[in-house]
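Undergrad: Attaching a single structure in structure tokens format; questions to follow.
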Amino acid sequence: MKSIKALSVIVVAVILGGWLTVQLLTVDIPIGQTGVRIQQYGIFGKKGVVQADFGPGWHRDLGPIDSWVGYDSTVQTLEMTKQARHGSSAGEDDVKVQSVDGNKISLDVTVKYRIAEGMAHKLYTDTGSGTKYRAIVRNEAEKACMGRFGQMTTEEFYSPEQKRRRSKEVFDELTASLEDNYIEVIDVLIRNVEFDPKYEAKIRSKKLADQEVELNKSMADAERMSGKTQVIEAETSKLIAIITKEKEAELIAMEATTDLQIAKIEAQYKKYVTEKTADADLIADQKQAAGQRLVKEAEAEGERLRNEALAGAGGDIMVALEAARNLQIKDVTISTLEVDLLDVTGMAEKLGVPAEE
């Protein structure tokens, strides 16, 4: 039991000792920071600033031997604006520029920048610790803006294209000037331009006068164009009338041509119908005549055959049949002893039918 307690105490002591060692002999560089280590004594290396940047994480910190300085490694913003408490400085911090024609102009400028990667130790060597580099950025930015925008006339400040061109020039100049200070420029933005109130009124009056002049020119042009418009309208009306007449004549000619073609087609149609009707009538008459001839021939043949039939025994039979039909017998008493009603042949002979040989 005592051994377990002793072991527990040892483990706790080791853990506590390790934690204290880490806390006392290391430094934690947070995310978004870059560390610079300065060796105060040349015991574990060359004395002075270590020629390397240290990123986020745990690094050695041997008490009085090492000292550390941290720098912001993210993109930083310099706001130079006329609005108090809205920029990087508490009061008004806008860039004041004088144009070529002598007017005072206020610029709100935003500069995006950061410490060049791997150059924080160089920056420390040149400027020391703290945020002295930010003052350098502001001074260089103000100087570049005053130099480049000071080359513009007041009228050019109204041109977006001119402002973009000068902003690019400021960006290029600032990039070159801060490169030696180990600062990387990301962008330069001109957010607002304000003119002297007196000049604003003057410009407004000038713009109104220019607009009035342009309006008068437009009205004069409109008057001149009105006369031209009337001439054009008259010429157009005349041209329309001519075109209308030409179209009407063309339509009449087209109608006459169409009527002639229709008449020709109708004549051809009637001729065709007449010819086909005559052919049909002729064929019908021929067929009717042939039919009548056949009927006559059939009737003659029938009559001939009838005459031939009547000339022989057939004629006697027909006479007997006719005599039988003409008998008027109403109430006759016949003795079956003298007359055999079933002797059809005998009865036929009595009516004139010749007996069979």
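The values are calculated or read from the model by the stated rules, or taken from the named source; none is laboratory data. Keep in mind it's a predicted model, so treat the numbers as computed, not measured. Cβ coordinates were reconstructed from backbone atoms using ideal geometry, including for glycine residues, and neighbour counts include every protein chain displayed.
Undergrad: Pick from Asp210, Asp279, Asp221: which is among the acidic types (Asp, Glu) and closer than 30 Å to Thr154 by Cα?
TA: Answer to the selection: Asp210.
Yes or no, residue by residue, for (1) surrounded by 10 or more Cβ atoms within 10 Å (Cβ to Cβ); (2) among the charged types (D, E, K, R); (3) at pLDDT 80 or above:
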position	(1), (2), (3)
Glu169	yes, yes, yes
Ala176	yes, no, yes
Glu184	yes, yes, yes
Leu208	yes, no, no
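Undergrad: Could I ask something else about it? Would you mention how many residues in segment 78-100 are surrounded by 13 or more Cβ atoms within 10 Å (Cβ to Cβ) and farther than 20 Å from Phe149 by Cα?
TA: Within segment 78-100, residues that are surrounded by 13 or more Cβ atoms within 10 Å (Cβ to Cβ) and farther than 20 Å from Phe149 by Cα number 5.
Undergrad: Scan Val193, Val273 and give me the residue that is of a type in the set (A, V, I, L, M, F, W, C) and closer than 30 Å to Thr110 by Cβ.
TA: Exactly one residue qualifies, and that residue is Val193.
Undergrad: Out of curiosity, is Tyr133 closer than 30 Å to Gly35 by Cβ and either in contact with a helix residue (DSSP H, G or I) (Cβ under 8 Å, 6 or more places away or on another chain) or not assigned by TED's automatic domain parsing to the domain that holds Glu155 (or both)?
TA: yes
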